[in-house]
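The values are calculated or read from the model by the stated rules, or taken from the named source; none is laboratory data. As the structure is a computational prediction, the values presented were derived from the model and not from experiment. All Cβ positions, glycine included, derive from the backbone under ideal geometry; neighbour counts span all protein chains shown. For accessibility, only protein heavy atoms count, side chains too; no ligands or nucleic acids. Shrake-Rupley method; radii C 1.70, N 1.55, O 1.52, S 1.80 Å.
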Amino acid sequence: MESVLQLYNTASRSKQPFVPQSAERVTMYVCGPTVYNRVHIGNARPAVIFDTLYRLLKQRHGRVDYARNITDIDDKIIQAAAANNESTAALTARYTQAYFDDMAALNNLPPPIVPLATDHLAEMIALVAQLIDSGHAYVAQSHVLFDVESMANYGALSGRSLDEMLAGARVEVASYKRHPGDFVLWKPSSAEQPGWQSPWGRGRPGWHLECSAMIEKHLGTTIDIHGGGQDLIFPHHENEIAQSCCAHGGQPLANFWLHNGFINIDGEKMSKSLGNFKTVEELLTLYRGEVLRYALLAAHYRSEANFSGDLLEQAQSSLDSLYTALRSAADVPAQPFAVAASAGYAALCDDLNTPAALGELHRLARLLNSCADDAKPAAKGELLAVAELLGLLDCDPEQWFTAARFEGAISAEQIEALIAERGAAKQAREFARADQIRQQLLDAGVVLEDSRTGTSWRRE
RNA sequence: GGCGCGGUGGCAGAGUGGUCAUGCCGACGACUGCAACUCGUCUUACGCCGGUUCGAUUCCGACCCGCGCCUCCA
């Protein structure tokens, strides 16, 4: 029997069985990056988490309309482009491609829908007009503002009332707002700022507007799952809900709200001021993307995760041991395995318990290492099937251990030549010479492993 | 101030009212010319104080400590 998928819904603050509106087509939207610089490892967490969920949902339902947007209009983009003396379009095109590259390096499948904010101005303007018409928004000093008091249950997702929000307000309130909690739907652009013509003059959208507009266009009025980082619960998702619900006669924007926890670096919150900001690009010069992915999956997605060199070393060693099992079983055919029957699959169905699923990978690797030959194809098949759900172990095991990862590393040809020489020395029982070659290779970062069938090697 | 989260062995990190997470590191044994890999065994746990219970790391309450959000943020 297939496991029920339980997901923790921020809206209800509890795990609930996931039931999509249509069993044949699941709709999921995840907030993507604002493309004004290289993304950091914290930005990669939701991408990896929701990619894993995407894989699981595809397995369960077949079709998943998964959209992850690119925010390519924003004040930070305008500032960065001005600082570089280039157009916002040139800047965002460059960083959008960099984001795609970084995410691909982490084994994330490309989402089937990747909408750009700047391709949806007409939809955003229409949404604003609708909110004005229905009495949920007003124009003030060339801005269009959402009237939070017009919505009875504003604040429901984050669990706060308008009064409570005021108590902690730490930002100066613009004088033209009727209520301090009112947020910008549309704002005016100066001549040098990017802008679009609208009924309220030339301007640009507020932060939250694009998601509401793009969800409606690509996925529908109410979607099954909306995801993102914890910090987006308020105000971003709260305001998306306000915009969409009020424009749609109160219909919900999403049935399930999923939020991932934050990543710390060496126990401290990652921030530019602390200087402990790690970009994916930077980390990829030290570790393969799969190692980063393993490290990101090693903690449950809702918990805080601490990123450190130690964690990455452990992830590397853990992957090495899994690939060692696959390398030893290189000649074993993988028997097709119905993954829904696996304990690893069941773990993922329990609110995406990736640490338990990784544990299952290790159990299967041990099984593959130790079981009788006739049981190996099944063990290998199950191991690979669970790993695929996690986006792991898709490398050729031989390549995993032998590919040179640093400039100036000893070549495979040189290694093979030395191994041949050592083999001859062993034949002649000149063990001193053989050990000397082993040490020479070890100094070059190459470990030799003798077996009945010959000598294999791996880089450390 | 308001809302919320968490404290598990050297490290990372699941989970459970009573037997085992798992991985990394460490120790020992088997295997090996020596190693490595692998397999097996093992050590070190559930913040603190009460309560419920035959039994609590797990449930309840208080306390201590850490963290997040409260209109930049994944």
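Could you work out how far helix A:238-247 tilts from the main Cα principal axis of chain A, as a 0 to 90 degree angle to the nearest 10? Compared with the principal axis, the helix lies near 50 degrees. Placing dummy labels 7 Å off each Cα toward the beta-carbon, the span from A:ALA343 to A:LYS76 is 4.2 nm. With the charge dipole of chain A set up from +1 on Lys and Arg Cβ and -1 on Asp and Glu Cβ about the Cα centre, the Cα lying farthest toward the positive end among the listed residues A:VAL184, A:VAL144, A:GLY267 is that of A:GLY267.
Report in % the part of the accessible area of the stretch A:29-182 that belongs to carbon and sulfur, leaving out ligands and nucleic acids; probe 1.4 Å. Intermediate values should be presented prior to the final figure.
Numbers: 3140 of 6560 Å².
Here it works out to 48 percent.
Taking square-rooted eigenvalues a ≥ b ≥ c of the alpha carbon gyration tensor, is chain A rounded, prolate or oblate, where a/c under 1.5 means rounded and, failing that, a/b exceeding b/c means prolate? It comes out prolate by the Cα gyration axes. Straight distance only, please: which aspartates and glutamates reach the Cα of A:LYS187 with their own Cα at less than 13 Å, same-chain residues fewer than 8 apart left out? Partners within reach: A:ASP74, A:ASP75. Working from label points 7 Å from Cα in the Cα-to-Cβ sense, the A:GLU430 to A:THR455 distance is 1.3 nm.
Relative to the dominant Cα principal axis of chain A, helix A:209-218 is inclined by about 70°. Residues whose amide H comes within less than 5 Å of that of A:ILE113, counting only those at least five positions distant or on another chain, are A:TYR66, A:ARG68 (H built at 1.01 Å from N in the peptide plane). In the full protein context, the stretch A:40-187 carries 43 Å² of accessible surface per residue, based on a 1.4 Å probe and ignoring ligands, DNA and RNA.
Under a 5 Å amide H cut-off, with hydrogens placed 1.01 Å from N, A:ASP182 pairs with A:VAL148 among residues at least 5 apart or on other chains. Taking chain A as the reference, fit the longest principal axis to its C-alpha atoms, fit the long axis of helix A:75-84 to the helix C-alpha atoms, and give the angle between the two in degrees, 0 to 90, nearest 10. Tilt of helix A:75-84: around 70 degrees. Taking Cα centre as origin and charging only the Cβ of basic (Lys, Arg, +1) and acidic (Asp, Glu, -1) residues, the dipole magnitude of chain A rounds to 260 debye. Determine the alpha carbon to alpha carbon distance for each of A:LYS76/A:LYS217; A:LYS15/A:LYS217; A:LYS76/A:LYS278; A:LYS58/A:LYS380; A:LYS15/A:LYS58 and list only those over 24 Å. Those over the limit are A:LYS76/A:LYS217; A:LYS15/A:LYS217. Summarising the amide proton neighbourhood of A:ARG302: residues at separation of 5 or more, or on other chains, whose placed amide H is nearer than 5 Å comprise A:GLY261. Averaged over its residues, the stretch A:264-400 has an accessible area of 43 Å² per residue, based on protein heavy atoms and a 1.4 Å probe. Phi-derived couplings, Karplus 6.51 cos²θ - 1.76 cosθ + 1.60 at θ = phi - 60°, listed residue by residue for the stretch A:61-73: 10, x, 9, 10, 8, 10, 10, 10, 7, 10, 8, 10, 9 Hz, with x used for Gly and Pro.
Quick one: dipole size for the stretch A:264-400, taken about the Cα centre, charges +1 on Lys/Arg Cβ and -1 on Asp/Glu Cβ, in debye to the nearest 20. Intermediate results must be reported in sequence, preceding the final value.
Details: 11 positive and 20 negative charges, 37 e Å.
I would put it at about 180 debye.
Sorted largest first, the spans of the alpha carbon positions of the stretch A:264-400 along the three principal axes are 57, 33, 20 Å. Between the listed residues A:ILE223, A:MET103, A:SER14, the Cα displaced farthest toward the positive end of the dipole of chain A, a dipole computed from Cβ unit charges relative to the Cα centre, is found at A:SER14.
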